[in-house]
Structure formats: structure tokens, C-alpha cells
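Below you'll find the structure, written out as C-alpha cells, and then a few comments.
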Protein chains: 2
Amino acid sequence: MKRSEYESAKLRTKAMFEKAGIVLTDEESGNIEVAGFGLNDLERQGLELITYVNNARYCAKELVLFPRQTCPEHLHPPVGDDPGKTETFRCRSGKVFLYVDGQQTNGIQAVVPAGSEDYYTVYHEIVLEPGQQYTIVPGTLHWFQAGEEGAIVSEFSSTSRDEFDIFTDPRIERMPVIEED
Amino acid sequence: MKRSEYESAKLRTKAMFEKAGIVLTDEESGNIEVAGFGLNDLERQGLELITYVNNARYCAKELVLFPRQTCPEHLHPPVGDDPGKTETFRCRSGKVFLYVDGQQTNGIQAVVPAGSEDYYTVYHEIVLEPGQQYTIVPGTLHWFQAGEEGAIVSEFSSTSRDEFDIFTDPRIERMPVIEED
């Protein structure tokens, strides 16, 4: 991702937090993470986030999705003594279409990113509107997409070790570098 | 606590969530917990809360304090294999004066509830405004009070076992029954 794209996505994320009444410190605003997953397709496949706390026991983040932006399919594997991350997604604003392992839902509401269809394999749909939440147990393949207005999602979880996440799309790099323009 | 006082505190809590733009489901609104700690002094010593999730790994709550309302001094002890609850308080709206073990702050900003002075023993002050947060490690005595406008605080933590909390005030019951009017 180019530096200019990163800075622009940060500003857009900051504006969404402000609109939702979610206050960040200046330091946090400066550290908003923009995850493009090395796909060079941020508008369609990406995620913006702030990690409030991530210690040896628990983690809390705020996730932002732009309109129709998708966090690609992945799972959280066991790491050492940790059985893998358990996470609860709570929708704060907008709408989220979440897909997990399980019986396929007919006529899903998300739009699978064109050209990446092979890497979206689970289709059991859960729709989250503000105030609604869902907990994902370790080892569950999942992906999610915001509706037309974008979404803000609080994530409450066990310890995050994002670098171990297993993505279905082999082209994905979870932690790519930012390139200066 | 009388049923009428409980219902009134619930409505007031609900209004504070609405004002802050924090959306609850109807079921959650109906289940707002009003903790008076058996002191019959809710306006000054009490806490209102919603538990979003509390599983074997982590817990997330939203805490509400009315103006100048105080959550009495307590600590989270070890329980079985658990070393005790670690918790992160993140101020979402209003202002919170938090006191923990440590060097006493001169001229603290909270008002110690009159008649309960013996049960407030730690005076190291941390002030939390929206976007600011603080993590309390297990076994740390702490208490907190909202400023003049009340406060909403997100609590991210390891598993909650509120029934084991140790309060400094021996009159406190964490889980008193509601009496019908």
C-alpha cells in the first residue's frame, strides 16, 4: 500500500469514528491500522482498526469497514498453549454481513469480491445490526462485509496474534509494508 | 433496593446510553443491572451495567455512573486457577476519577461518600476523559467516581466473577435481591 492511500484511509476511518461518537486519543488516531492484506484492493478487501488493549489474557479492538468493504476469509489457529482466538463481534453502527462455517444461506446479502471467489468458501450468514453481536470460536473460517453505509464493530476477544491468522487466499500478507509514494 | 428505584435507575441508564449513541438491544435494555451493593444509597454509591459477553476467556461490559456516583472500593482476588480479574477501563463519555493502590494524590477530585470514609483507603488518582483508559492488575484495591455529568466506561477484562469481589466496606452485598414495592 502506498503511503498516500494509507493516510487517506486513516482520515476516512477517523471521520467514521467521529460520526459514531467514538472518541480516540490523538495518539490512537495517528496509529489507526489500515489492513490491505497485500491485495492492492483496499476499497473492496480490507479493514481499518484500532487496538485498545491486547495483553496475555484479553484483547479489545474497534474495527471499521468502508461501504461494502470485506475482511477476507480466515481462521484463528491454535498457537502454542493457546487453543486459538475466540472473538465476539458487536455491531456499533451500520450493518455487517458475517459468514461462518455451517449450513449455506441461500441468496446471501454480501457481494463476493469479483476475482477472489475461490477464496470465499463459507456461506452461513449472520446479519448484525447495531447492538447485535456474535461470538466465533477458534478454528472457525469466517469473513465479513459491511453494508452500503459501512460499519463499526467492537471486537472483544482472547489475546490477538494476528500474525498467525490463516487466510484462505494464499496471496494475502497480513502485515505488508507501507511504500512511500 | 425497591423495585421502583431499580426501574427508575434502569430508565436513567438507558437514556445515558442513548445520549452517548451506544445501541443496546431491547433485551439488553431490559436486563440493565443496577448494583446498589446493599447500601441503600444508590445515588452516591452504586453502578449500572450491561454485560455484553462473559465467557471462560474474556469479558466485556459497559458501565454507567450517574453524576458523582461511586463504585465502592474493592479488589478482584484469585479464584481457583485464575490469578484474579485484570480489567481495562476505557472512558467513553463524561469523566471518571479512578483511585488505585499507590502514592496518595494530594487534593483528590472525587468526593468520598460521607459516612463511608473508613471504607475508602486508596488515593492514587487517575483521571479518565473520553478516549483515555487504564488497566488494573489483579489484587489491586480500587474505586471510582464519575464527575458532575456522570460517565460511561467500557470495561474489557479477563473472565468476571463478580460474586468473589472483595469490598473494603463489610456492609456491602454484591448481589442483593430486589424488593417489590
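Only the coordinates and a few stated rules stand behind these numbers; no lab work does. Just so it is clear, the model here is predicted, and its values are computed rather than measured. No Cβ is skipped: glycine too gets one built from the backbone with ideal geometry, and neighbour counts run over all protein chains shown.
Inter-chain Cβ neighbour count for A:54-65, averaged per residue, equals 4 (cutoff 10 Å, partner chain atoms only).
Compute the orientation-averaged projected area for the protein assembly as shown from the convex hull of its Cα atoms and round it to one decimal in nm².
20.0 nm²
For chain A, adding -39500 (n - 2.57) for each run of n ≥ 4 DSSP H residues and dividing by the number of residues yields -3500 deg cm²/dmol at 222 nm. With all pairs of separate Cα atoms included, the stretch A:1-78 yields a Kirkwood hydrodynamic radius of 13.4 Å. Name the residue, out of A:105, A:159, A:88, whose mean-square fluctuation peaks in a Gaussian network model built on chain A with Cα pairs under 10 Å. Among A:105, A:159, A:88, the largest GNM mean-square fluctuation belongs to A:105.
Could you tell me what percent of the DSSP beta bridges with both partners in chain A are antiparallel, to the nearest 5?
Antiparallel bridges make up about 95 percent of those DSSP assigns within chain A.
Distance from the Cα centre of the stretch A:50-99 to that of the stretch A:5-28, in angstrom? For the stretch A:50-99 versus the stretch A:5-28, the Cα centre distance is 18 Å.
Taking label points 7 Å from Cα along the Cα-to-Cβ direction, residue A:177 and residue B:173 give a separation of 6.4 nm. Equivalent ellipsoid of the stretch A:86-150: semi-axes from √(5λ) of the C-alpha gyration tensor, largest first, are 18, 16, 10 Å. Taking only the Cα atoms of the stretch A:1-152, the ratio Rg/Rh comes out at 0.95, with Rh defined as the Kirkwood radius. Comparing mean-square fluctuations of A:103, A:69, A:45 from a GNM of chain A with C-alpha springs under 10 Å, the top value falls on A:103. Each of A:167, A:139, B:104 was placed along the dipole of the protein assembly as shown (beta-carbon charges, centred on the mean Cα), and the one lying farthest toward the positive end is B:104.
Relative to the Cα centre, the charge distribution of the stretch A:1-126, modelled as +1 at Lys and Arg Cβ and -1 at Asp and Glu Cβ, gives a dipole magnitude of about 400 debye. GNM, chain A, Cα, under 10 Å: largest mean-square fluctuation among A:117, A:27, A:149? Sorting by GNM fluctuation, first place goes to A:27.
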